Each structure stands twice: as structure tokens, then as C-alpha cells.
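Reviewing the structure listed below.
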Amino acid sequence: MGFLRIRTTVDERPGRLASLAAALADKGGNILGLSVQPDTDGTVDEFVAEIPASAETVRAALESAGGRRVQVVTATAHDLTDEPTRALLLAARLRSTPWRLPEILRELMRADDARWVYGADLSDLPDPTLLTVPVAPKRAIRLRRAGLPFTLTEAARAAAFVRLAQPPAEAQRSERPIRLGDGAEVVIRPLTPLYREAVRDLHERCSPESRRFRYFTAMPTLPPRMFDRLCDRGRGHSLVAGHDGQVVAMASLQFSPEPGTAEMALLVEDSWQGRGLGRILAQMLLEAARDLGLAEVRASFLSDNARMRALLLSLGATLTYTEDPGVVEARMPVGVMAPASPS
């Protein structure tokens, strides 16, 4: 009986994980470790199992249970270490020897090798077995792992780990003055209960169509419970844009039940639409998602919302239709695997 590291992509449907576990059990497998990672076209389930069956037998069993792109590689005793404990121990090593960042990052990601790349070599390659992790504007670490392609979650994990070796950033102010392309100035701040009345006024000034695009219904006011949820930093990260004593836009990033993902939504007052404010708020939410270690940001919008469609595509989103023919879902990777959006 040997140890195997098994990875498979599955559709996001209830019961899929149970089907995979049953398939492994049917082959005499004992699951010793499990991780669930969101990726671009589904969820990646990774198992470490003690199992007497061959890799080909395991692969066939998981494919029959609904797995896609099943990959099976030999595991070692090192793979049985508790993952949070292993990451913390590596972080402690990095703190004492930051100059060994490539070596320690390679160990964290279980990569075959890691090397510094510079200048022109920084561009991402269309190879899922390679991961380029930026460290500075013209310097990065490139990881290679032939056995298992890197997932979005692993990319976010690597980016977060690299930040441990960097000097602490200057503390950001709680408010950020922004000048739009037409010269208008707004101040962007975190949403707090202080803005309850101002947000209510924003909804009253917005047209029914703008509210419908935001909530999928022409909601005249924001229910108190929903407002309180948007203010809760344990549930996400929300911003308001103010001008001349009024809130003219609101943006929210709400954590979803699926690990590593969050849902983004925007509401911009009609007279402020088309001036670049929505794009600025969306970019700030993506930056916050990266700092929070998320792997992916999603946004659902009505199919006739052409302005939101164009904005999300400009930010590198992949669009897919949902079971509701009138609703489109956008998915945006966060961190080192996210495409650079045009300025």
C-alpha cells in the first residue's frame, strides 16, 4: 500500500466530493488529507490517500465518479504534515532567512524548482506547470512543478507568502482622494454605519434601472439588514465614494461560502456613470481581494447591463451564462495569475 497525492477538477454541484470519496473508498483508499481549491472552470479537490490501487486504477475510478483532469502522483511522508503547521514553520524560516525566499517558496508549493527571473522574463507563460510570482517591479520567482499544474488558490497563497519577505508597506489612509478623468474629485472611504442615511439618499437618487442592475430588482431602499451586512468587515469589504457631502457610489466585496472567493457588486449614481468611477472602485476591490488572500472574485450581472459587461471584460473577467438566461457570471482571478488590466 502506497501514498498518493490525487487532484481532480469537479463541477460545483452538491454531492460531488462525496462521490469522489466513495470512489476512493471502493478501491481501499484511506484519505489522510483533503483540500478544496476554486479554479477557473470548477473546483479542484486534492486528496492525500493511502491506497493499494495503482495510479491508473485510481484515475479511472475518479473519472467515473465525475472527476475531470485527474492527476495522480506519488506522495511522501512529508505530504502528510498538517498544512497550516507546515506553512507556519516555513514562514518562521523565511522571517529568519528572507534571502532564501526562492528555496522556501519552492518547498511551500512543493515545486520541482524555483529561480529568480528578471525584466523580459517576467511575462507569464501559457503553461499551467509554471508560476511566476512577482517580488518587485522587475523581479520575480518562477516555480516549476511538472506533476501538478498550479491552481488559482495556490497562486494567491504564493503571492501572500512572498509579501512576508517584503518590507512593511506604508499604512494606507482610511480615505483616498481620487481625481477622475474629467477633473471631478471624489473621496473613497470604507463603508460604515455612519453612512446609513447617505446610502439611503443614494438609492433614492438612482434611477430604477440603475437599482435593477445592482439588485436585479428596482429596490427603492436598501433593507437595514443588508446595509449592516455590507458594513460587517467579517463578511467582506465595502467602499463608498463621496462628493460634496453626498455618497455618489457604493462598491462591495462579500465573501462567499466557497473558500477563496468573493462576490463584487457596484452601484453608481446615474450622473456619475461613464466617468471612470466604477472602474476605480472595482480595481480597489480587486486590490483588497488580493490583500485578503482570495483566489477569485466573481460578479453576477443582468445580460442587458452593457456597461457592467464592458467594465468586467476590461478587468480580465471570463464571462459565462448561468442557469438563469438573463444573468451572466463574471470570474476574475486575483493575484499573480490575474491578467494586468489596462490603465
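The values are calculated or read from the model by the stated rules, or taken from the named source; none is laboratory data. As the structure is a computational prediction, the values presented were derived from the model and not from experiment. Methodologically, a virtual Cβ is constructed for each residue, glycine included, from the backbone with ideal geometry; neighbour enumeration extends over all protein chains shown. We work out accessible area using only protein heavy atoms, side chains counted, and drop any ligands, DNA or RNA first. Shrake-Rupley method; radii C 1.70, N 1.55, O 1.52, S 1.80 Å.
With the checklist (1) in a loop (DSSP other than H, G, I, E, B); (2) open to solvent by 80 Å² or more (accessible area, probe 1.4 Å); (3) not aromatic (Phe, Trp, Tyr) in hand, flag the one item PRO177 doesn't pass.
All conditions pass for PRO177, except number (1).
Go through the stretch 313-343 and give me each residue that's modelled with pLDDT under 90 and part of a helix (DSSP H, G or I).
Within the stretch 313-343, GLY335, VAL336, MET337 qualify.
If I go through the stretch 183-199 residue by residue, how many of them are within 19 Å of LEU281 (Cβ to Cβ) and free of Cβ contacts under 8 Å to residues at least 24 places away in the same chain?
Of the residues in the stretch 183-199, 2 are within 19 Å of LEU281 (Cβ to Cβ) and free of Cβ contacts under 8 Å to residues at least 24 places away in the same chain.
Does LEU20 count as without any contact (Cβ under 8 Å) to a residue 60 or more places away in the chain, closer than 30 Å to ALA330 by Cα and in a helix (DSSP H, G or I)?
For LEU20, the condition - without any contact (Cβ under 8 Å) to a residue 60 or more places away in the chain, closer than 30 Å to ALA330 by Cα and in a helix (DSSP H, G or I) - is met.
Name the single residue, out of those in the stretch 239-264 being of a type in the set (Ser, Thr, Tyr) and either modelled with pLDDT under 95 or more than 26 Å from the chain's Cα centre (by Cα) (or both), that is surrounded by the most Cβ atoms within 10 Å (Cβ to Cβ).
For the stretch 239-264, the residue satisfying everything is THR261.
Which residues, taken from the stretch 10-26, are under 12 Å from LEU62 (Cα atoms) and either among the aliphatic types (A, V, I, L, M) or out of contact with any strand residue (DSSP E or B) (no Cβ under 6 Å at 6 or more places or on another chain) (or both)?
Result: VAL10, LEU17, ALA18, SER19, LEU20, ALA21, ALA22, ALA23, LEU24, ALA25, ASP26.
Just to be sure before I move on: is ALA310 in a helix (DSSP H, G or I) and free of Cβ contacts under 8 Å to residues at least 12 places away in the same chain in the structure I sent?
yes
Can you name the residue in the stretch 21-36 that is crowded, with 16+ Cβ neighbours inside 10 Å and in contact with a Leu (Cβ under 7 Å, 6 or more places away or on another chain) and, of all such residues, is nearest to PHE150 (Cα to Cα)?
Ranking the candidates gives GLY33 first.
Restrict the check to the stretch 300-312 and report whether at least one residue is modelled with pLDDT of 95 or more, among the charged types (D, E, K, R) and buried (at least 17 other Cβ atoms within 10 Å of the Cβ).
Taking every residue of the stretch 300-312 in turn, at least one turns out to be modelled with pLDDT of 95 or more, among the charged types (D, E, K, R) and buried (at least 17 other Cβ atoms within 10 Å of the Cβ).
Being basic (Lys, Arg) and in contact (Cβ under 8 Å) with a residue 60 or more places away in the chain narrows it down to one of ARG13, ARG7, so name that one. Working first, answer last.
Working: ARG13 fails: in contact (Cβ under 8 Å) with a residue 60 or more places away in the chain.
Residue meeting the stated conditions: ARG7.
Here are LEU230, LEU222, LEU202: which of them is in a helix (DSSP H, G or I) and more than 27 Å from ALA317 (Cα to Cα)?
LEU202
Going through LEU294, LEU267, LEU281 one at a time, which residue ends up being touching a strand residue (DSSP E or B) at 6+ places or on another chain (Cβ under 8 Å), assigned to a helix (DSSP H, G or I) and crowded, with 21+ Cβ neighbours inside 10 Å?
LEU281
Conditions: (1) in a strand (DSSP E or B); (2) open to solvent by 30 Å² or more (accessible area, probe 1.4 Å). VAL186 meets all but one. Number of the miss?
Only one criterion is unmet by VAL186, namely (2).
Can you tell me which residues in the stretch 47-71 are part of a strand (DSSP E or B) and either over 14 Å from PHE3 (Cα atoms) or open to solvent by 20 Å² or more (accessible area, probe 1.4 Å) (or both)?
Residues satisfying the conditions are GLU50, ARG68, ARG69, VAL70, GLN71.
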